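The values are calculated or read from the model by the stated rules, or taken from the named source; none is laboratory data. Bear in mind that the values here come from a model prediction, so they are computed numbers and not experimental data. We place every Cβ from the backbone using ideal geometry, glycine too, and count neighbours over all the protein chains shown. Ligands, DNA and RNA are excluded from the accessible area calculation, which covers all protein heavy atoms including side chains. Shrake-Rupley method; radii C 1.70, N 1.55, O 1.52, S 1.80 Å.
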Amino acid sequence: MKKIGYFLMLFLASFLVVPTVDAQAPNTLTAKEKKQGWTLLFNGKDFSGWRQCNGKAMPANWTIDDQAMRVSLGEGKKPGQGSGGDILFGDKKYRNFELSIDWKASDMANSGIFYYVREVPGKPIYYAAPEVQVLDNVNATDNKIDSHLAGSLYDMLPADPASVKPVGKWNTIVIKVKDGKVTHTQNGKKVCEYTLWTKEWDSMVNNSKFKNFPGFTEGISKEGYIGLQDHGYTVWFRNIKIREL
């Protein structure tokens with residue numbers, strides 16, 4: 001009887017197994033996201049809509065790797081030396097928005113995500129745009145200053161390093177900008193909050209490396225492009241999506 005009872009329990013349990021649900025495919029939107037107004041800036045197949053900052057084509061050191069954008073060390077460059085490969089989504093400028101990006105770092109990697117990019121001929125992408133830092137917090141050479149760690153408003157406001165996943169793991173950063181009020185949410189945790197064009201903002205700029213950058217002293221633009229940095233390391237980006245607010 002005990003054996004019969006045991007096998008009966010196994011038989012009944014087989015009907016109670018909850019079927020697994022496949023994870024959402026990369027670079028796609030759910031019906032709910034579409035209804036909420038999200039649009040993709042990267043289709044996972046090519047660089048449609050993207051181009052070099054202050055250029056017309058995509059730099060050679062950007063490739064598609066397993067449905068992700070991959071920036072690598074440029075030919076003839078040393079780690080940490082970008083090769084003019086900063087890029088932006090050139091189809092549209094954005095003012096009030098919520099931007100979500102997945103990023104993954106290689107060992108020692110350093111890169112950045114930019115918004116309100118204003119192209120200035122002969123100047124790098126960071127010359128006139130706020131940067132959200134992308135970094136291998138453990139081994140990158142630029143990990144000595146807290147406002148240089150991943151998720152931070154670069155060189156101005158630090159993010160909680162505990163919110164970052166290690167090398168080889170995907171992180172999700174959500175940047176929300178609404179009438180000058182900005183938040184960075186990294187892997188579900190709000191890590192930065194600030195307001196542009198205020199006395200507090202001016203104070204942060206004056207205490208940063210940007211205090212003598214005309215792009216900052218003249219004032220950050222109130223709309224601009226979304227951009228990604230080539231800093232001479234391998235970094236991947238995917239699930240780049242945005243909705244206007």
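Hey, does the stretch 237-244 have a residue that's aromatic (Phe, Trp, Tyr), under 20 Å from residue 70 (Cβ atoms), open to solvent by less than 30 Å² (accessible area, probe 1.4 Å) and out of contact with any His (no Cβ under 8 Å at 6 or more places or on another chain)?
yes
Looking only at the stretch 67-89, filter to residues that are in contact (Cβ under 8 Å) with a residue 12 or more places away in the chain and open to solvent by 60 Å² or more (accessible area, probe 1.4 Å); which one of those is farthest from residue 233 (Cα to Cα)?
Among those that are in contact (Cβ under 8 Å) with a residue 12 or more places away in the chain and open to solvent by 60 Å² or more (accessible area, probe 1.4 Å), it is 67.
Identify the residue in the stretch 125-157 that is in a strand (DSSP E or B) and open to solvent by 10 Å² or more (accessible area, probe 1.4 Å) and, among all such residues, is nearest to residue 81 (Cα to Cα).
Ranking the qualifying residues of the stretch 125-157, first place goes to 131.
Of all the residues that make up the stretch 195-234, how many are assigned to a helix (DSSP H, G or I), closer than 30 Å to residue 77 by Cα and open to solvent by 30 Å² or more (accessible area, probe 1.4 Å)?
Of the residues in that region, 4 qualify.
Could you check residue 122 against (1) within 17 Å of residue 227 (Cβ to Cβ); (2) open to solvent by 30 Å² or more (accessible area, probe 1.4 Å); (3) within 14 Å of the chain's Cα centre (by Cα) and say which number it fails?
(3)
Please tell me if residue 183 is at pLDDT 95 or above and open to solvent by less than 30 Å² (accessible area, probe 1.4 Å).
So residue 183 passes the test.
Can you tell me which residue within the stretch 158-177, out of those that are crowded, with 18+ Cβ neighbours inside 10 Å and among the β-branched types (Val, Ile, Thr), is nearest to the chain's Cα centre (by Cα)?
By that ranking, first place goes to 173.
What is the number of the single condition among (1) open to solvent by 50 Å² or more (accessible area, probe 1.4 Å); (2) at pLDDT below 95 that residue 5 does not meet?
(1)
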